[in-house]
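Beneath this line is the structure, given in structure tokens, with notes to follow.
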Amino acid sequence: MKVEYTNQEYIRGCIKACEKRKHLQQVAFSTFHDCLTQVCFTCNICMTSLPFTQQVKMKKNQSLKGFEELKKECSKKGDEDEN
Ligand SMILES: [Zn+2]
């Protein structure tokens with residue numbers, strides 16, 4: 001499963017996009033870190049809004065994927081499911 005570091009707005013958008021496609025997903029929110037995490041088993045992706053300092057440390061080895069790109073992926077997979 002791929003892990004993406006992004007902001008909460010992006011993740012909220014992704015959660016809605018996945019909900020629309022009836023993806024199998026779980027969402028958690030940490031009040032301590034003010035961090036929203038979405039795990040979508042259909043997209044095989046984990047989106048998290050870790051604090052920026054933590055993100056920078058972890059981003060070194062990973063690329064940040066934009067919301068539009070992810071949304072496209074979600075739609076693709078959703079369409080496949082419907083067919
Ligand atoms: Zn999904």
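Quick notes on this structure:
- Comparison of 26, 38 shows that the only residue that is farther than 12 Å from residue 3 by Cβ, modelled with pLDDT of 65 or more and within 11 Å of the chain's Cα centre (by Cα) is 26.
- Within region 6-28, residues that are under 18 Å from residue 44 (Cβ atoms) sit with their Cβ atoms under 7 Å from residues that are part of a loop (DSSP other than H, G, I, E, B) and modelled with pLDDT under 95, at 6+ positions apart or across chains, in these pairs: 6/49; 6/64; 11/49.
- The residue of region 15-41 that is surrounded by the most Cβ atoms within 10 Å (Cβ to Cβ), among those that are in a helix (DSSP H, G or I) and within 9 Å of the ligand (Cβ to nearest atom), is 18.
The values are calculated or read from the model by the stated rules, or taken from the named source; none is laboratory data. All values derive from a computational prediction rather than experimental measurement. Cβ atoms come from the backbone with ideal geometry, glycine included; neighbour counts cover every protein chain shown.
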